[in-house]
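J.: This is the structure I have questions about; it appears just below.
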Amino acid sequence: MRATRACIHLGRLKSNITAIRSRVGAGTAICVPIKADAYGHGAVRVAVAAIRAGASHLAVASVQEGVELRESGIVAPVLLLSLPLPEELPDIVAHRMTPLIADGEFARAVADAAEAAGERTAVHLKIDTGMCRIGCRPEEAASLARLVAGMDSLIIEGTSTHLAVADSLAPDDLAFTKTQIARFSDALLSIRQAGVDPGIAHAANSGGVALHPDSRFDMVRPGLLVYGYQPVDDDPDPLPVAPVMEFDTRIVFLKMVRRGESVSYGRAWTADRDTLIATLPVGYADGLARSLSGRLNALIGDRLYPVVGRICMDQCMVDLGPESEVRRWDRAVLFGPDPRGPSAADLARVLGTIPYEITCGINRRVPRVYVD
Ligand SMILES: *Cc1c(COP(=O)(O)O)cnc(C)c1O
């Protein structure tokens, strides 16, 4: 196998879910978002591990992602978090995915597709309480619920909303989340008053789980926490989760570079002393962003060494210093759970992004290796 790999620690994924379980209590169901190939960790293996760890629902973004789960034999409910095109509806029905319903026109289309297949399709109503992405307005929730409840081929299994700033401790953001939760509660009440059972109510992403107990309702949908990252900066009471993905490679070449010689494209780095340079077979096509050039350290043995010169498509170079015990074929960690080395959250900080984009960005050509 290739030297460069993403090691996925499924045991840690399970203990992260256990940590979430102890935070939300036994009475709250857990839905694990496994969109984007489980944030880059591999959808099918993560889905199986998540269900074994006690998740009752899975969530994907595209119909194709849902089909992949069904074709691998997974029977758990699969929520479709993004809205599909009408031509995708037959696949949704055939593979028993659970779409979100935010308007009457789309409800009709799903109902027709279900009826055409002779099926009844479970759906979740989606209410927009302040994210302004998808959902009906809270004041329209009761009439939408009544409409959907009247469609014989649809079953309302749940009702949901999504929180925009649940991961923030800023007073304005805490207040906004409270407003979203109140709007959602009011919408649920109006649905019940219209004589319709809203089913499983759910709102909380990882930020909600971490900071807002009143956002839990019947089910939570934490993604980031399951993969082992803190949603909240400087959380005074962080959940005990650890990163599931470790991205590493091995040294495939070593050479002495002389003082004054430059390394890699653009000659952006020049040795100021004779030094040992290691070549790693990992580059931006694997997901090691080129803009990390000169701003990243690799963990080799128990020490950090700087990545020097430009990161290439498939390779990059590390400065080991004039005297080094490091040997050819040694392992180099680019990010992972080891506190001595960089984490995906560290890389995200350097790049001005969030850890989601780091793990999702690890390319498909990088083999995922699963360990317990
Ligand atoms: C991705 C997503 C989540 C999970 O968000 P995290 O921040 O990873 O916890 C929850 N709900 C919806 C609708 C999502 O799209």
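J.: In degrees, nearest 10, range 0 to 90: what is the angle between the Cα axis of helix 171-193 and the longest Cα principal axis of the chain?
T.: The angle comes out near 30 degrees.
J.: Provide the percentage of antiparallel DSSP beta bridges, counting only those with both residues in the chain; round to the nearest 5.
T.: 50
J.: Next question, about the same structure. Taking the C-alpha atoms of region 109-240, how large are the radius of gyration and the largest Cα-Cα span, Dmax, in Å?
T.: My reading of the Cα-based Rg and Dmax gives 16.3, 53 Å.
J.: If I take R0 = 25 Å and measure r between the Cβ atoms of Ala345 and Arg303 in this structure, what FRET efficiency does the formula 1/(1 + (r/R0)^6) give, to the nearest 0.05?
T.: About 0.75, to the nearest 0.05.
J.: May I pose another question? Given springs between every Cα pair under 10 Å in a Gaussian network model of the chain, which of Asp319, Asp91, Asp274 has the largest fluctuation?
T.: Asp274
J.: Rank these residues by their accessible area, most exposed first, probe 1.4 Å: Thr179, Thr275, Thr18.
T.: Ranked from most to least accessible, the order is Thr18, Thr179, Thr275.
J.: Related question: Between Asp274 and Asp186, what length in nm is gained on full extension when 0.36 nm per residue of separation is reduced by their alpha carbon distance?
T.: Fully extending the segment from Asp274 to Asp186 adds 24.8 nm.
J.: Separate question: Near the amide H of Thr159, under 5 Å away, which other amide H atoms are found, from residues 5 or more places off or on another chain, if H is placed in the peptide plane?
T.: Amide H to amide H, under 5 Å and 5 or more residues apart or across chains, Thr159 pairs with Leu125, Ile200, Ala201, His202.
J.: Under 27 Å between alpha carbons, and skipping anything fewer than 8 positions from Lys255 in its own chain: which lysines qualify?
T.: none
J.: Follow-up. Per residue, how big is the convex hull around the C-alpha atoms of region 144-207? Give it to me in cubic angstrom, could you?
T.: Residue-normalised Cα hull volume stands at 73 Å³.
J.: Under the rule a/c < 1.5 gives rounded, and otherwise a/b versus b/c splits prolate from oblate, where does region 10-220 land using the Cα gyration tensor?
T.: Oblate.
J.: Can you list residues from other chains, or at least 5 along the same chain, whose modelled amide H is less than 5 Å from the amide H of Val369?
T.: Close amide H contacts, sequence-distant or interchain: Ala6, Cys7, Ile8.
J.: Taking the convex hull of the Cα atoms, report for region 33-111 its projected area averaged over all directions, in nm².
T.: 4.9
J.: Of the residues Pro171, Pro138, Pro99, which exhibits the maximal mean-square fluctuation in a Gaussian network model of the chain defined by a 10 Å Cα contact cut-off?
T.: Most flexible of the set in this elastic network: Pro171.
J.: Ordered by residue, what ³J(HN,Hα) values in Hz, to whole numbers, does region 236-246 give under the Karplus form 6.51 cos²θ - 1.76 cosθ + 1.60, where θ = phi - 60° and Gly and Pro are x?
T.: Once rounded to whole Hz, the list reads x, 9, x, 6, x, 10, 9, x, 8, 9, 10.
J.: Students often get this wrong: which residues of region 1-27 have the backbone nitrogen under 20 Å from the point 7 angstrom along Cα-to-C-beta of Arg52?
T.: 6-22
J.: Tell me the per residue accessible area of the chain using a 1.4 Å probe; a whole number in Å² is fine.
T.: 44
J.: Could you work out what % of the accessible surface of the chain is carbon and sulfur, using a 1.4 angstrom probe and leaving DNA, RNA and ligands out of the count?
T.: 50
J.: Can you tell me the Rg and the Dmax, both Å, for the Cα atoms in region 245-371?
T.: According to the Cα coordinates of region 245-371, Rg and Dmax are 14.0, 44 Å.
J.: Here is a further query. How much accessible area does Asp372 have with a 1.4 Å probe, in Å² rounded to the nearest 10?
T.: Around 150 Å² of this residue is reachable by solvent.
J.: Over the chain, what per residue volume does the convex hull of the Cα atoms give, in whole Å³?
T.: Per-residue hull volume (Cα only) is 145 Å³.
J.: Just the accessible area for His9, please: 1.4 Å probe, Å², rounded to the nearest 10?
T.: Near enough 30 Å² of accessible area.
J.: With every protein chain in place, what's the accessible area of Glu71 (1.4 Å probe, Å², nearest 10)?
T.: Counting only protein heavy atoms, Glu71 exposes about 140 Å² to solvent.
J.: For the pair Asp235/Arg328, report the inter-label distance in nm, with labels modelled 7 Å from Cα in the Cβ direction.
T.: Result for the modelled spin labels: 4.5 nm.
J.: Follow-up. Below 8 Å between Cα atoms, with a sequence gap of 6+, how large is the relative contact order for the chain in percent?
T.: 17
J.: Working out 0.36 nm times the residue gap between Arg259 and Ser143, then minus their Cα-Cα distance, what length gain in nm do you get to one decimal?
T.: 34.3 nm
J.: When the solvent-accessible surface of protein heavy atoms is calculated with a 1.4 angstrom probe, in what order do Phe253, Phe217 fall, highest first?
T.: Phe253, Phe217
The values are calculated or read from the model by the stated rules, or taken from the named source; none is laboratory data. Every value quoted in this text rests on a predicted model; they were computed, and no experiment measured them. Glycine also receives a Cβ, built like all others from the backbone with ideal geometry; neighbour counts cover every protein chain displayed. We work out accessible area using only protein heavy atoms, side chains counted, and drop any ligands, DNA or RNA first. Shrake-Rupley method; radii C 1.70, N 1.55, O 1.52, S 1.80 Å.
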